[in-house]
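Take a look at the structure set out below.
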Amino acid sequence: MSSPLLVGVAVAAAAYAGRYGIQAWQAFKSRPPTARMRKFYEGGFQPKMTRREAALILGVRESTPADKVREAHRRVMVANHPDAGGSHYLASKINEAKDILMGKSKSSGSAF
C-alpha cells in the first residue's frame, strides 16, 4: 500500500527538480555573455592619436601616473610583441600610446 505512495512522491520530486533545473539553465543562458569579461578597446585607430585613445589602448585612465603607464605598457607589449608573434603595427601603436601618456609625443603620426 505504501509502495505506490512512495513512487508517486519520488516522481513528483523528480518533476520539481527537473523544472527547477530547466529554469536555472534558461536563466544562465539568458544572461549577457560579457558580464564577467573585461571590455577591451574595440575599433580602428584615429589618424592622430589622442590622450583618450592612448589611455584606451593601454587600459588606463588619462590621468594615470607614469609608473602605472609603464606597467600597463609592459603588460600590453608582452602580449603583442612582434618577436612573440604579434603585429609590428600594433606594437608601434602601443609604443605611441605610451609616448603620448608620458608626454613624449611624436611630431608626426604613426610610422605606418
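Could you report the accessible area of ARG52 in Å², rounded to 10, computed with a 1.4 Å probe on the protein chains as they sit in the structure?
140 Å²
In what sequence, largest accessible area first, do VAL11, VAL69, VAL60 appear using a 1.4 Å probe? Kindly include the intermediate steps, with their values, before the conclusion.
On the way: VAL11 95, VAL69 0, VAL60 35 Å².
If we order VAL11, VAL69, VAL60 from most to least accessible, we get VAL11, VAL60, VAL69.
The values are calculated or read from the model by the stated rules, or taken from the named source; none is laboratory data. Fair warning: this is a prediction, and the values are worked out from it, not measured in the lab. Side chains included, ligands, DNA and RNA excluded: accessible areas come from the protein's heavy atoms. Shrake-Rupley method; radii C 1.70, N 1.55, O 1.52, S 1.80 Å.
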